[in-house]
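S.K.: Here it is, the structure, as structure tokens.
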Amino acid sequence: MLFGQSVFQSVLERLKAEDETAEEAEAPAGHRVSGLGTGLAFDILEGVSVASQRVGQAYFDNLEHETPEFVEKPAPPPEPVMPDHLTRTAPQEVAAELAISAADTPLTLGEKRRAFARANHPDGVALPFRDNATKRMMLANLLIDEALRQLR
């Protein structure tokens, strides 16, 4: 340990000295990049400028080319058509579709709820028709919950 230095500081000094001697030993190798086993070679094709070989320059080189005057745009998607069952939002119409009877059990009511949700859930219809689908699902859930309450 040197005067005024801790053991850690003296180890750091020794490591720095070792690195400097290693760099001096490798210096005569020429224009090499540390970590690469071979030198770099660049081939420049005939008629190709060095500026166009730069990645950022390639974008600006292509701006000079003419763009076609007419570019076909894809046809807009057709407007969605509301299914007929989504127009029926009255409680009597939804009740008629569910066909809840006194013979229904909690199991059959659960099956009816799932079948109705597969056809009418708001996530399964186009955006303009989600309000109607939401109303239908709310009514169906209300009717099925009421039927389940009466069974108990």
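S.K.: If you plug each phi of the range 12-23 into the Karplus form 6.51 cos²θ - 1.76 cosθ + 1.60 with θ = phi - 60°, what whole-Hz ³J(HN,Hα) values come out, in order, with x for Gly and Pro?
M.R.: For the range 12-23, the Karplus-derived couplings read 4, 4, 5, 5, 4, 5, 5, 5, 5, 5, 5, 5 Hz, x marking Gly and Pro.
S.K.: Which order do peptides 123-136, 5-18 fall in by mean Cβ count within 10 Å, highest first?
M.R.: 123-136, 5-18
S.K.: Let me ask something additional. Could you tell me, in Å, what Rg and Dmax come out for the Cα atoms of the range 88-151?
M.R.: Gyration radius and largest Cα-Cα distance of the range 88-151: 11.7, 37 Å.
S.K.: Once label points are set 7 Å from the Cα along Cα→Cβ at both Gln92 and Gln9, what is their separation, rounded to one decimal in nm?
M.R.: Using points 7 Å along Cα→Cβ, the separation is 9.7 nm.
S.K.: Additional query: Please work out the FRET efficiency for the pair Ala102 and Lys73, using the Cβ-Cβ distance as r and a Förster radius of 41 Å; give the result to the nearest 0.05.
M.R.: Using R0 = 41 Å, I get an efficiency of 0.10.
Each reported figure results from applying straightforward, stated rules to the coordinates on display, with no laboratory input. Just so you know, these numbers come straight off a predicted model, no measurement behind them. Here the Cβ is made from the backbone with ideal geometry for all residues, glycine too, and neighbour counts use every protein chain on show.
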